[in-house]
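Here's the structure we're looking at; comments come further down.
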Amino acid sequence: MQKIIVTGGLGFIGSNLIKILLKKNFYVINLDKVTYASNFYNIKNFNKNKKYKFIKCDLNNGKKLLEIFKKYKPKGVFNLAAETHVDRSIDGPKVFIENNINGTFSLLEAFKKYSKQNKSLKLIHVSTDEVYGDVLSGRSSEGHSYKPSSPYAASKASSDHLVFSYVRTYGLNALVTNCSNNYGPRQHPEKLIPKLIYNILNNKNLPIYGKGKNSREWIYVDDHCEALVKVLKNGKKGEFYNIGSNKNLNNKDVVKVLLSVAKANFKFGKNVKIKFVKDRPGHDLRYALNSSKIIKKLGWRPKTSFKKGIYKTFFWYMKNQKYYKNISKSNITKRIGIKS
């Protein structure tokens, strides 16, 4: 049975990836620092699975990482441990530098040392479309220049460059994936879609930045995770792979789809209505990926339509409201990221 390490496995994408890896009969070691965005509710369904192991670990602890590599001898490592919320990076960039850049550096160093005795070990560094910055027309391919706009995006861009430099300089068996906006079960409600769902369930208004024209490419989290498994199996050393749905929606349209799903399945209060709020500083207008490379080279395609994915997502939160009990209410309702 192949062993896989997932960093940041108590978070949104990490926990969904673990769910899929376990179904595919991998043994999964979940490394997580346990921050505000970590939630043990996310792994409750497989916490006692004999093929699952949780270890509390900060990526900046290189010595502990190396010990874990030597003990478990993994076949692959998915690096999803990161600070990810743009608004938080505006309020406090330092932690993004410490975790996203320094943490990746520490992981790469441990990976480099262990790779000397295990050349087949593969590292998949999971990144974001935000590294490309505003894409006002067309879709950004893997060769598109990096122009990150926020401290978060800049920290992820830096980590991507670090990974590639270790491939070129030290020959590490590593690669980078850049994904569009994910949505689905287990996502922290500081992000747009789960925040809107929380507010619908709790009869609150629906805050939308600016005029709601910001456009994002949305992908259901399970589709993203299936792509990551494809990359683990067949992705090539040193390559970058964009992972997206090729479907863009602006924030107003996202609300419309969500409200249509909610109205058909849930009776909500009169306070549930759009409220436009002050935009965040440096807010990119549009992200859009060209994912033809992974489609052609690895045979992956997204399967979930946005409406179907929103239906699944809304029902998960509606049926799992205990999820919110492990989250500070201020981390759900407090507005951050408005410093200029």
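Go through the stretch 1-19 residue by residue and tally those that are over 15 Å from the mean Cα position of the chain (by Cα) and either in a helix (DSSP H, G or I) or modelled with pLDDT of 95 or more (or both).
Of the stretch 1-19, the ones over 15 Å from the mean Cα position of the chain (by Cα) are 1-5.
Subsequent filtering for residues that are either in a helix (DSSP H, G or I) or modelled with pLDDT of 95 or more (or both) retains 2-5.
Of the residues in the stretch 1-19, 4 are over 15 Å from the mean Cα position of the chain (by Cα) and either in a helix (DSSP H, G or I) or modelled with pLDDT of 95 or more (or both).
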Matching strands (runs of 3 or more DSSP E) fully within the stretch 229-311 where at least 2 residues are touching a helix residue (DSSP H, G or I) at 6+ places or on another chain (Cβ under 9 Å): 240-243
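Which members of the stretch 166-178 meet the condition of being small (Gly, Ala, Ser) and either closer than 26 Å to Ser292 by Cβ or within 18 Å of the chain's Cα centre (by Cα) (or both)?
Pass one, the stretch 166-178, residues small (Gly, Ala, Ser): 171, 174.
Within the stretch 166-178, just Ala174 meets the criteria.
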Count of residues meeting criterion [of a type in the set (A, V, I, L, M), crowded, with 20+ Cβ neighbours inside 10 Å and farther than 25 Å from Ala82 by Cα] in the stretch 179-207: 2
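Could you say which residue among Lys44, Lys48, Lys53, Lys73 is over 20 Å from the mean Cα position of the chain (by Cα) and free of Cβ contacts under 8 Å to residues at least 12 places away in the same chain? Talk me through it step by step, then tell me what you get.
Working: Lys44 fails: over 20 Å from the mean Cα position of the chain (by Cα); Lys53 fails: free of Cβ contacts under 8 Å to residues at least 12 places away in the same chain; Lys73 fails: free of Cβ contacts under 8 Å to residues at least 12 places away in the same chain.
Every option except Lys48 fails the conditions.
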From the options Tyr132, Tyr146, Tyr166, residue that is hydroxyl-bearing (Ser, Thr, Tyr) and touching a His at 6+ places or on another chain (Cβ under 7 Å): Tyr132
Qualifying positions in the stretch 219-240 - crowded, with 24+ Cβ neighbours inside 10 Å and of a type in the set (Phe, Trp, Tyr): Tyr220
Index of the failed condition, Leu22 passing every other in (1) within 20 Å of the chain's Cα centre (by Cα); (2) of a type in the set (A, V, I, L, M, F, W, C); (3) within 28 Å of Arg88 (Cβ to Cβ); (4) assigned to a helix (DSSP H, G or I): (3)
The lone exception for Ile101 - which of (1) part of a helix (DSSP H, G or I); (2) surrounded by fewer than 21 Cβ atoms within 10 Å (Cβ to Cβ); (3) in contact with a Gly (Cβ under 9 Å, 6 or more places away or on another chain) it fails: (3)
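Can you tell which of Asn290, Asn251 is closer than 24 Å to Pro151 by Cβ, polar (S, T, N, Q) and surrounded by 14 or more Cβ atoms within 10 Å (Cβ to Cβ)? I'd like the intermediate steps shown before the answer.
Numbers: Asn290 fails: closer than 24 Å to Pro151 by Cβ.
Being closer than 24 Å to Pro151 by Cβ, polar (S, T, N, Q) and surrounded by 14 or more Cβ atoms within 10 Å (Cβ to Cβ) holds for just one of Asn290, Asn251, which is Asn251.
The values are calculated or read from the model by the stated rules, or taken from the named source; none is laboratory data. Bear in mind the structure is a predicted one, so any value in this text is a computation, not a measurement. All Cβ positions, even for glycine, are placed from backbone atoms using ideal geometry, and neighbour counts span all protein chains on display.
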